[in-house]
1. For a distance above 23 Å, tell me the whole-number percent of Cα pairs in the range 22-116 that qualify.
2. Got a sec? How would ILE218, ILE67, ILE61, ILE125 order by Cβ neighbour count within 10 Å, fewest to most?
3. Using a Förster distance of 41 angstrom, determine the FRET efficiency expected from the C-beta separation of VAL149 and ARG116, and round it to 0.05.
4. Using amide H atoms built 1.01 Å from N in the peptide plane, name the residues 5+ places from GLY176, or on other chains, whose amide H lies under 5 Å from its own.
5. Between ARG275 and THR88, what is the FRET efficiency for a Förster distance of 30 Å, r being their Cβ-Cβ separation, to the nearest 0.05?
6. What residues have an amide H closer than 5 Å to that of PHE133, excluding those fewer than 5 places away on the same chain, when H is modeled at 1.01 Å from N in the peptide plane?
7. Taking neighbour counts of Cβ atoms within 10 Å as a proxy for exposure, in what order, fewest first, do ILE64, ILE221 appear?
8. What is the ratio of the Cα radius of gyration of the range 87-206 to 2.2 N^0.38 Å, with N the residue count, to two decimals?
Amino acid sequence: MQIAQWTAALYLLITPAYSAPIPEPYLVSISRLGVVENQFCANLSPKNSGYILTSEAHKDIILIPEIPGQTLSSGKYSVTLEHQNLKTSTLKMTASIQGDRVKLLSKTPVDILLLRQNCLGETPISDTWNSPFSGTKDSDTKAFQRRIVGRFADFRTAGGDNGHKHAGIDLRGGFGEEVYPINDGRVLTTSYKDLSGGVVIEHLLPDGSKLYSKYVHIQDISVRVGEQVTPHTRLGRLFDKTSFKKSRYTHNHLHLEIRKDYLDKGTGSSYSDTRNELEKHCLDPEQFLGKQLTKKPAHMEQDPGTNK
Ligand SMILES: [Zn+2]
């Protein structure tokens, strides 16, 4: 008998009949019409007659198997998930398991892929705040302010709702201009929607509290969920000319949010009616970064956003 088989046999001998498994981390990919819309890390653990996937980055996903079992197995499931706009839906899905992969397919355009892997990672402690462009080069307050084309708490009607307050700021940028994290942190979610794709990063402050920065309208995303990032890590790039035309935006821009919590999860904007409500969850990046950037020496470089 091989050592591995001995170990397995010994394990079976000393393991009690049932022990609650330790939550296992899974990389969750939610796709619509075959395109990955969202990726985040979640812990799978047993709950009631099924399983629950809990995550900092998304609403919980509950899996109830048609035939109860102690381990996740192939078969029919009833899957409850909450979308970014807080609509809960329950789908009938069929799971197929291949090694560390669990594929959940439904008759709707939504599919879920679970990949068992250690995607949680540790969040490094944040250091100096930076502009989201050109690494740390373009970090003085004036260059940052010259880019602002949309302000925090502006009234918006985009997104098919009855209007909400803009949860972030819009920063003008060049076609294909690269986007960087505003501080050290860890990637919490990535989203690959054509015109509203983006990245959310968790920042751990020296006092132990957390902030989250969210970068939207970026493509060609080059970071993975769980990855530690610095202000020199390329996240992705702004639209090229073709995507910009398709977007019909008045400016090619980065939508940047800084959040105090991530209760509303996902990478969708929070649809708040009032500024007060918005300020419970978000900081005004213009004020926050403006103040932080003045703490750094001003640079001599030109604002790349003005060099077309
Ligand atoms: Zn915006």
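1. Numbers: 558 of 4465 pairs.
The share of Cα pairs beyond 23 Å in the range 22-116 comes to 12 percent.
2. Numbers: ILE218 25, ILE67 8, ILE61 22, ILE125 14.
Listed from fewest to most nearby Cβ atoms, that is ILE67, ILE125, ILE61, ILE218.
3. Values: r = 43 Å, r/R0 = 1.05.
The calculated FRET efficiency here is 0.45.
4. Hits under the 5 Å cutoff: LEU238, PHE239, ASP240.
5. On the way: r = 28 Å, r/R0 = 0.92.
The value I calculate is 0.65.
6. Here the answer is TYR180, since their amide H atoms fall under 5 Å of that of PHE133.
7. On the way: ILE64 17, ILE221 20.
Fewest-to-most ranking of ILE64, ILE221: ILE64, ILE221.
8. Relative to the rule-of-thumb radius for its length, the range 87-206 sits at 1.41.
Read-outs throughout are calculated quantities, based only on the coordinates presented, and are distinct from any laboratory measurement. Remember, it's a predicted structure, so these values are computed and weren't measured experimentally. Note: ideal-geometry Cβ built from the backbone for every residue, glycine included; neighbour counts use all protein chains shown.
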